[in-house]
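The structure appears right after this line, and notes come after that.
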Amino acid sequence: MHKKVMVFVGTSKGGFIFESDEKRRKWKRSDIHFKSWNVMHMQLDPRDNRLHAATSHFVYGPTTHYSDDFGTSWTQARQVPMLTRPSRSGRPAGTVDEAFRAEGGEDIRDIPEKMIRVWNITPGRKDEPKVLYAGTQPASFFVSRDRGETWELNEALYDHPQRGQWNPGAGGLCLHTILLDPSNLQRMYIAVSAAGCYRTDDGGRTWKPHNKNVRADFMPDKFPEFGQCVHKMAMHPANPHVLYQQNHCGVYRSDNMGKEWMDIGEGKLPARFGFPIAVHPTDPKTIYVVLEESDEFRMSVEGKFSVWRSRDAGDSWERMSKGLPEKAHLVVLREAMGTDTFEEAGIYMGTNTGQLFYSRDSGDSWELLADYLPPIQSVEAAVTE
């Protein structure tokens with residue numbers, strides 16, 4: 001049976017779906033989905049081929065949609081992720097003073113936080129049918145047990161005693177990464193900017209920070225228990241004890257499920273700032289990052305748009321730029337890099353100026369798949385039959 005490759009691109013003005021055969025040479029582009037809506041993420045659930053989209057609109061607010069025909073038609077969730085609990089500001093309880101009063105006189109600690117957007121939708125594991133997970137802004141963790149029809153807030157994370165000390169990054173206080181351990185249904189990881197990596201070993205009933213040895217140069221304590229600005233985390237399902245992260249302050253690897261991290265970029269990479277990180281689909285030791293000069297100068301290192309690849313889990317790196325613009329200051333956001341599942345992997349990345357690049361040879365060379373799209377916020381790929 002012939003295989004079909006699909007690339008799902010979320011942009012600030014809608015979503016696009018690109019299709020090709022397994023050779024990945026000629027591509028067909030769909031019409032725009034959710035025209036004028038902000039599409040943060042589109043993800044195909046490989047268990048049932050239901051396509052999910054995280055969308056928001058400046059008038060209608062945030063929601064999720066799903067499609068059972070690869071985007072030909074869409075259905076909005078019956079009950080969308082919502083925050084109906086009081087704000088977890090972390091302010092001390094006690095007498096209400098003017099600093100805590102809203103215009104109507106009520107205590108702002110009793111006003112529910114406003115949901116801004118859904119950042120990420122992650123399909124559950126094979127052994128948890130119908131389950132999906134979602135991360136949102138403000139940083140909250142949701143679970144759906146009915147294939148995305150309804151969503152339930154994980155109250156343990158929302159009520160976490162450290163939550164009041166989390167600080168939003170430039171993109172807001174967002175829970176953007178969800179990693180599921182395929183060998184342990186009770187173990188999950190989430191990443192929040194800027195709070196760091198948290199892990200649960202009891203299915204979400206409790207959460208603990210796992211940030212040892214990860215820098216936070218913007219804080220008085222450079223190695224705090226929590227408060228790091230994780231930009232993106234990745235895991236290969238064949239080796240779930242190893243985690244990778246692209247951070248505001250470097251690139252890191254953990255070999256023990258996040259208990260300790262090691263810097264795998266210091267002295268090896270030309271910059272310590274970047275957003276996306278991806279793992280090769282069939283080689284758990286091959287990883288990809290895109291870097292920027294610094295948090296102050298958010299542009300391509302040395303003005304040359306490149307991808308850095310490591311084939312040894314970050315012990316060494318090589319700069320991959322064949323086919324990419326030689327002189328270009330481009331930015332790839334945290335969700336905007338994905339891979340397909342071929343051994344000779346397709347690597348896909350989109351820029352915030354609307355270019356979609358891809359490689360058909362695991363990063364050795366690159367081609368332009370599409371141009372003049374709205375700012376690209378997320379890229380995911382899937383192979384179907």
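The values are calculated or read from the model by the stated rules, or taken from the named source; none is laboratory data. In this text the structure is predicted, and so the values were computed from the model without any measurement. Counting neighbours? That spans all protein chains shown, and the Cβs are built from the backbone with ideal geometry, glycine included.
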Exercise for review: Could you list all residues from segment 287-328 that are modelled with pLDDT of 95 or more, acidic (Asp, Glu) and over 12 Å from Pro270 (Cα atoms)?
Suggested key: Asp312, Asp315
Study note, to complete from the structure: Filter segment 222-238 for residues that are surrounded by fewer than 15 Cβ atoms within 10 Å (Cβ to Cβ) and either under 29 Å from Ser183 (Cα atoms) or modelled with pLDDT under 95 (or both); the one that is nearest to the chain's Cα centre (by Cα) is Pro237
Review point. Which of the following residues is buried (at least 20 other Cβ atoms within 10 Å of the Cβ) and of a type outside the set (A, V, I, L, M, F, W, C): His2, His33?
Key: His33
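Among the candidates Gly258, Gly265, single out the residue that is touching a residue at least 24 places away in the same chain (Cβ under 8 Å) and touching a Cys at 6+ places or on another chain (Cβ under 8 Å).
Numbers: Gly265 fails: touching a Cys at 6+ places or on another chain (Cβ under 8 Å).
Only one candidate qualifies: Gly258.
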Practice item. Give the residue, chosen from Ser378, Ser300, that is under 24 Å from Thr55 (Cα atoms) and of a type in the set (Gly, Ala, Ser). Key: Ser378
Check your understanding: Do any strands (runs of 3 or more DSSP E) entirely within segment 217-263 hold 2 or more residues that are at negative phi, of a type in the set (Ser, Thr, Tyr) and in contact with a Phe, Trp or Tyr (Cβ under 8 Å, 6 or more places away or on another chain), and if so, which?
Key -> 250-254
Check your understanding: Do any residues in segment 204-215 that are touching a residue at least 60 places away in the same chain (Cβ under 8 Å) have Cβ atoms under 6 Å from those of residues that are assigned to a loop (DSSP other than H, G, I, E, B) and of a type outside the set (Asp, Glu), where the two are at least six apart or on different chains, and which pairs are they?
Key -> Gly204/Asn154
Review point. List, please: which pairs have Cβ atoms under 6 Å, are six or more places apart or on different chains, and start with a residue in segment 268-280 that is closer than 13 Å to Tyr244 by Cα and end with one that is of a type in the set (Lys, Arg) and in a loop (DSSP other than H, G, I, E, B)?
Key: Phe275/Arg334; Pro276/Arg334
